[in-house]
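Undergrad: Before I ask anything, here is the structure I am working with.
What follows draws every value from the coordinates through simple rules; no lab data is involved. Predicted model, so just to flag it, every value in this text is computed and none were measured. Note that each Cβ is placed from the backbone with ideal geometry, even for glycine, and that neighbours are counted across all protein chains shown.
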Amino acid sequence: MKFKTALLMGFAFSAGIGITTSLYNANSVGSSLWAASAKETAQDEPNNAETVRLLTLFGTVMDVVHSEYVEPISDKKLINNALDGLVGNLDPHSSYMTPEQFKQMQDEISGQFGGLGLQVQADSGHIRVVGPIEGTPAARAHIMSGDVITMINHKNVADLTLDEAVRKMRGAPGTKINITILRPKTGKTMDFTITREIIHVQVVRSALYGKIGYLRLAEFDDSSDREIRVNYKKLVKMVAKTPAKTLSGLILDLRADPGGKLDQAIAVSRDFIKSGEIVSVRGRHPENNQHWHAKGTDITHGLPIVVLTNAGSASASEIVAGALKDHRRAIILGERTFGKGSVQTLIPIADQGAIRLTTARYYTPSGRSIQGRGITPDVEVKETRDKDEIYTYRESDLAHVLSNIGGKAGQDSIRSDLPADIIKAIPHEPPEKWPSFNPEKPETDFQLQQAIHLLNALSSAKAKAPK
C-alpha cells in the first residue's frame, strides 16, 4: 500500500481535532492486504493453517453466542463488537468506526458542534478527560485534565464505548447534563451540572505583552498555519503602534494542544525554521517512509521564541516543539509533553465505515522517537505547586501502548548555549502565595509569566552585549 495523503496526529476523541481521510480505495486496500497475506502464507504454510483454525474458532464462538445468549442478538452487533476489539486492542489510537460513527466524526470536523467542550480518551475501559477546550462550558466548570468520567446523567459509563459516551454528552444547545467525575489525585468524586452550548473552536489566539508577542495554538486543523500567520501579522501591527515599535520575542503556547493534522504541524514548523529537516515518518513498509524539510521561510526573521508545553501537549504539538528544539530555534519552557509519537491514517472501507489505524512512528530532526517519552523542556517550570492539580496522565500510562523503537536512544540533549545566569533565575514552580490560575487573567499564569520574563531578560542581555 502506498501512502497518498492525510496522516492524522490527534490522539483524543474530540470534536475540534482536525481529521481528514486518506486517498485509499477500499477495494484496493482489501486486494493489497489479501495479496500480502497470500504472499506471506505461501512462504509459511503452518501459519496459514493456524489462521484457518482461528477463523473457524471465531465462527464457532459467534454461532454459540448467537444461539445461546440470554436474549436475541444480531450478527451485525456481534461482528461490530469483534471489529472493535480487532482494531481497538492494537494500541490506544487505532479504532474501527461504523458508518454512523464515521459520519458523526465527519460532522465534528466542521469545528462547530453542540456539547460541553471536552476532549476525552478511552483508557483501559475508562473515559478520561484529556482537557477542556478553552472558553467552553467544561472549562468554566473547572473539569480538569486527568479526571475520569464515571457517570453521565447519574448512569454508570463503565459499559459504554468511548463513542457512546461522547454521544451521550452531546445534545441540543441550552439543555443540561450531569457529569460525575473521579479526580485521581485526590480520590474525590465530584458532580457537575453543565449547560450544553454550540462549541466554537478558536484555533489561534494572540496577545501583546509589552514587546513580547503571544500566539496560543489550540489544535492543528486545516486553518492552523493560516491563522498563525494572520495573527502574527496582527501582533506586528499592534506593536508598531507602541513605543517599542518592534517585537523582541515571541511565545508559542502549545499547552494542552492535543494535536491534529500532520501537514499542519509541518507547515507551522516551517513558519519558524528556515532550513533542515522538520520531521520524518517511518512505517512498516520502507516505501512509505517520508521526510519533510523547511522551505527557507521564517515569518519572524529570527526573533527569539519560547514554546510553552505541558503533559497535554501531544502529537502534532510535539512535532513542532521537537523540531524547534532540535534546531535550537526556540527554548522549550514548561513540562514534559504527552509522548505520542505515532501517526494514524483514516481508511474508509467503502460504505462500511472506516478504520483509524496506526501506520507509522514519527521522529524529530535529531532522529529521536518521542513515543512514550515526550519532549523534555529546556527550562522546566511547573504550572502549579499544588500536587492535586498537576496533570501527570501521559501516553506511557495508556493500555496497549506502542513501543519506542527505531530512533536514537537517550533523553533530549541539554542545551549549553543558553545564558546560565538567566536560566538559573527562572523558578521551577510558583511561590506559595501565587494566585490561582484564571484564564482571563494572564498575570495568574505562572508559566506564561516566566516565558515573558525569560524573553525580556534575553532581549536586555542582547542590548547590553558589546557591539
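Undergrad: Not counting the cut sites, what is the longest span of the chain without GluC sites (Glu not before Pro) that DSSP labels loop and that have at most 16 other Cβ atoms within 10 Å?
TA: 135-431
Undergrad: While we're here: Quick one: 3J(HN,Hα) in Hz for the range 139-144, Karplus 6.51/-1.76/1.60 with θ = phi - 60°, rounded, Gly and Pro as x.
TA: 5, 5, 7, 6, 5, 10
Undergrad: What net charge do the residues around Pro431 carry, taking every other residue with its C-beta under 15 Å from that of Pro431, with Lys and Arg at +1 and Asp and Glu at -1?
TA: Values: positive: Lys382, Arg385, Lys433; negative: Glu383, Asp386, Glu429, Glu432, Glu443, Asp445.
The answer is -3.
Undergrad: Give the long-range amide H neighbours of Gly131: residues separated by 5 or more places, or on another chain, with amide H under 5 Å away, using H modelled in the peptide plane at 1.01 Å from N.
TA: Sorted by chain and number, the residues that satisfy this are Gln119.
Undergrad: Follow-up question, since we're still on this one. Can you list the HN-Hα couplings for the range 302-309, worked out from phi with the Karplus curve (6.51, -1.76, 1.60; θ = phi - 60°), rounded to whole Hz and with x for Gly and Pro?
TA: Residue by residue, the range 302-309 yields x, 4, x, 10, 10, 9, 8, 9 Hz.
Undergrad: For a footprinting-style exposure proxy, rank Arg167, Arg336 by other Cβ within 10 Å, fewest first.
TA: Arg167, Arg336
Undergrad: Helix-only estimate, please: 222 nm mean residue ellipticity of the chain, summing -39500 (n - 2.57) across DSSP H runs of length 4 or more and dividing by its residues, to the nearest 500.
TA: One gets -9500 deg cm²/dmol as the mean residue ellipticity at 222 nm.
Undergrad: Given +1 on the Cβ of Lys and Arg, -1 on the Cβ of Asp and Glu, and no further charges, what dipole in debye does the chain carry about its Cα centre, rounded to the nearest 20?
TA: In total the dipole reaches around 2080 debye.
Undergrad: Sort Met62, Met97 so the one with the fewest other Cβ atoms within 10 Å of its own Cβ comes first. Mind showing how you got there, number by number?
TA: Working: Met62 15, Met97 23.
Lowest to highest Cβ neighbour count: Met62, Met97.
Undergrad: Hey, could you grab the Kirkwood Rh for the range 112-200? Inverse mean 1/r over distinct alpha carbon pairs, Å, one decimal.
TA: Answer for the range 112-200: a Kirkwood hydrodynamic radius of 12.8 Å.
Undergrad: Going by amide H atoms built from the backbone, whose H comes under 5 Å of the H on Gly407, apart from near neighbours?
TA: Ser369
Undergrad: Right, something else. Give me the number: length gained by fully extending Gln352 to Ser403, i.e. 0.36 nm times residue separation minus the C-alpha to C-alpha distance, one decimal in nm.
TA: 15.3 nm
Undergrad: Cα to Cα, under 22 Å, and not fewer than 8 places away if on the same chain: which lysines meet these conditions relative to Lys234?
TA: Lys211, Lys245, Lys274, Lys441
Undergrad: How large is ³J(HN,Hα), in whole Hz, for each residue of the range 374-386 in order, when computed from phi with the Karplus curve 6.51 cos²θ - 1.76 cosθ + 1.60 and θ = phi - 60°, using x for Gly and Pro?
TA: Coupling constants for the range 374-386: x, 9, 7, x, 5, 10, 7, 9, 7, 6, 8, 9, 7 Hz.
Undergrad: FRET efficiency for Ala463 and His200, Cβ-Cβ distance as r, R0 = 45 Å, nearest 0.05?
TA: Values: r = 41 Å, r/R0 = 0.92.
Approximately 0.65, to the nearest 0.05.
Undergrad: OK, next. How big is the equivalent ellipsoid of the chain along its three axes, where each semi-axis is √(5λ) from the Cα gyration tensor, reported in whole Å from largest to smallest?
TA: Computed over the chain, the values are 41, 27, 19 Å.
Undergrad: May I ask what percent, to the nearest 5, of DSSP beta bridges between residues of the range 204-464 are antiparallel?
TA: Counting only bridges with both partners in the range 204-464, antiparallel ones make up about 60 percent.
Undergrad: If you rank Thr309, Thr358, Thr150, Thr364 by fewest surrounding Cβ atoms within 10 Å, what's the result? All intermediate terms of the calculation are to be shown ahead of the outcome.
TA: On the way: Thr309 30, Thr358 19, Thr150 16, Thr364 26.
Going from sparsest to densest Cβ surroundings: Thr150, Thr358, Thr364, Thr309.
Undergrad: Another question, then. Can you give me the distance in nm between label points at Thr150 and Lys295, each placed 7 Å from the Cα along the Cα-to-Cβ direction?
TA: Once both label points are built, they end up 5.1 nm from each other.
Undergrad: Do any of Lys103/Lys295; Lys241/Lys295; Lys155/Lys188; Lys325/Lys424 go past 29 Å between their Cα atoms, and which?
TA: From the list (Lys103/Lys295; Lys241/Lys295; Lys155/Lys188; Lys325/Lys424), the Cα-Cα distance tops 29 Å for Lys103/Lys295; Lys241/Lys295.
Undergrad: Right, another one. What residues qualify as long-range amide H neighbours of Ile331, i.e. H under 5 Å apart, gap of 5 or more or another chain, H built at 1.01 Å from N?
TA: Ile305, Val306, Val307
Undergrad: I want the local charge near Asp397. Using Cβ-Cβ distances under 12 Å, sum +1 for each Lys or Arg and -1 for each Asp or Glu among the other residues.
TA: Charge balance near Asp397 sits at +1.
Undergrad: First obtain the Kirkwood hydrodynamic radius of the range 204-464 from its Cα pairs, then insert it into the Stokes-Einstein equation at 25 °C and 0.890 mPa s, and state the resulting D in µm² per second as a whole number.
TA: So the translational diffusion coefficient is about 129 µm²/s.
Undergrad: Quick one: Kirkwood hydrodynamic radius for the range 404-467, alpha-carbon pairs, angstrom, one decimal?
TA: One decimal place: 14.8 Å for the Kirkwood radius.
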